[in-house]
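Encoded as structure tokens, the structure appears first; notes follow it.
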Amino acid sequence: MKNLWKPWIILASIFTVGMAAFLVFTTPTNVSFPLVKGTKLTVSAFRLQQSGLPLILEFKKAVDNKRPEHDNSATSVDPCKTGYLYYPASGEPIKVKECLFYKRPEHGSQATHFDWRKTGYLYYVSPGEPVKIRITKMATKESVIFEATPGDACNDDRCRRRLVPYIDDGDPKRFTWPPTGGLLLPAGNSDLQIDVMEVGERISGEQVTLKIEPPLDFKFVSADPLSRLLWWFFFWPFYAFVLLAWAILLILIGLPGTPE
């Protein structure tokens, strides 16, 4: 009977170690702060192997940011569900179109001119309010300034703007694509200093979350063998189910009176 458990124990051990590595490879590092020029803070990021530093800046939906031009705290209904605002003080509903409170023109638009495959850059029609953040590796003092691209994904909870290495080409609408430069994080723990260098007036003061994206994503896997191996752990519920069913079967086989 003990021999029947040996393959299960080996596979369960591999699954446990693999899941631990998978969680490290797929868990982002988040830090929240007010988006104000001059803000400084530090954050730590852990890597099992050297990898890049993909960054996302997340903004809360407008109605939660307590900004006068977006705030609906004085209303008693959700305008994006009802299609209107209702101010108790006035008693009169005000119609809104296409949930305007969730449209954030200050974050720009993904619409571009030209074909980046031919030009080598994206030229946005509306790049949005500028955001520039410098990231410094504390151990080596190596630093790179990143700038925010226009909002690429907005939903009921947040708007996301990707940060790419800043190139001073004199045109705020032009972004080299694919991005070049950036920082590489070594294996182990890295302490990073964040310095807010520039913020557009219309978004200054908002509470934002800087997300250091993990090196492994379901839609993207790098060429290194470890990342390719760990990608298969996105299907971990199936492996866990097989191990559980196998263990139950072995337990049933070991019960007294059960024919082997």
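The values are calculated or read from the model by the stated rules, or taken from the named source; none is laboratory data. Treat the numbers as computed from the prediction; the structure is a model and nothing was measured. FYI the Cβ positions are ideal-geometry reconstructions off the backbone, even for glycines, and counts take in every protein chain you see. Note: accessible area is taken over every heavy atom of the protein model, side chains too, but ligands, DNA and RNA are not part of it. Shrake-Rupley method; radii C 1.70, N 1.55, O 1.52, S 1.80 Å.
Return yes or no: is Leu163 at pLDDT 90 or above, touching a strand residue (DSSP E or B) at 6+ places or on another chain (Cβ under 8 Å) and open to solvent by less than 60 Å² (accessible area, probe 1.4 Å)?
So Leu163 passes the test.
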For the list (1) open to solvent by 70 Å² or more (accessible area, probe 1.4 Å); (2) modelled with pLDDT under 90; (3) in contact with a Phe, Trp or Tyr (Cβ under 8 Å, 6 or more places away or on another chain), I need the number of the one condition that Trp246 fails. (2)
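Regarding Arg228, is this residue open to solvent by 70 Å² or more (accessible area, probe 1.4 Å), within 30 Å of Phe22 (Cβ to Cβ) and in contact (Cβ under 8 Å) with a residue 24 or more places away in the chain?
When the stated conditions are applied, Arg228 does not pass them.
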Take the residues in the stretch 101-149 that are open to solvent by less than 20 Å² (accessible area, probe 1.4 Å) and part of a helix (DSSP H, G or I), then tell me which one is nearest to Phe175 (Cα to Cα). His107
Where the second residue is among the small types (Gly, Ala, Ser) and modelled with pLDDT under 95 and the first is closer than 13 Å to Glu198 by Cα and lies in the stretch 29-40, which pairs have Cβ atoms under 8 Å and are six or more apart or on separate chains? Pro34/Gly205; Leu35/Ser204; Leu35/Gly205; Val36/Ser204; Val36/Gly205; Lys37/Ser204
Between a residue in the stretch 194-206 that is closer than 18 Å to Thr136 by Cα and open to solvent by 10 Å² or more (accessible area, probe 1.4 Å) and any residue that is part of a strand (DSSP E or B) and not small (Gly, Ala, Ser), which pairs come within a Cβ distance under 7 Å, given they are 6 or more apart or on different chains? Met197/Lys132; Met197/Ile133; Met197/Arg134; Met197/Ile145; Glu198/Val131; Glu198/Lys132
Would you say Arg228 is among the basic types (Lys, Arg) and either in contact with a Gly (Cβ under 9 Å, 6 or more places away or on another chain) or assigned to a loop (DSSP other than H, G, I, E, B) (or both)? no
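Assess whether Ala223 counts as being in contact (Cβ under 8 Å) with a residue 12 or more places away in the chain and either more than 20 Å from Leu11 (Cβ to Cβ) or open to solvent by 80 Å² or more (accessible area, probe 1.4 Å) (or both).
In short, no.
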State whether the residues of the stretch 63-74 include one that is at pLDDT 50 or above and either touching a strand residue (DSSP E or B) at 6+ places or on another chain (Cβ under 7 Å) or open to solvent by 60 Å² or more (accessible area, probe 1.4 Å) (or both). no
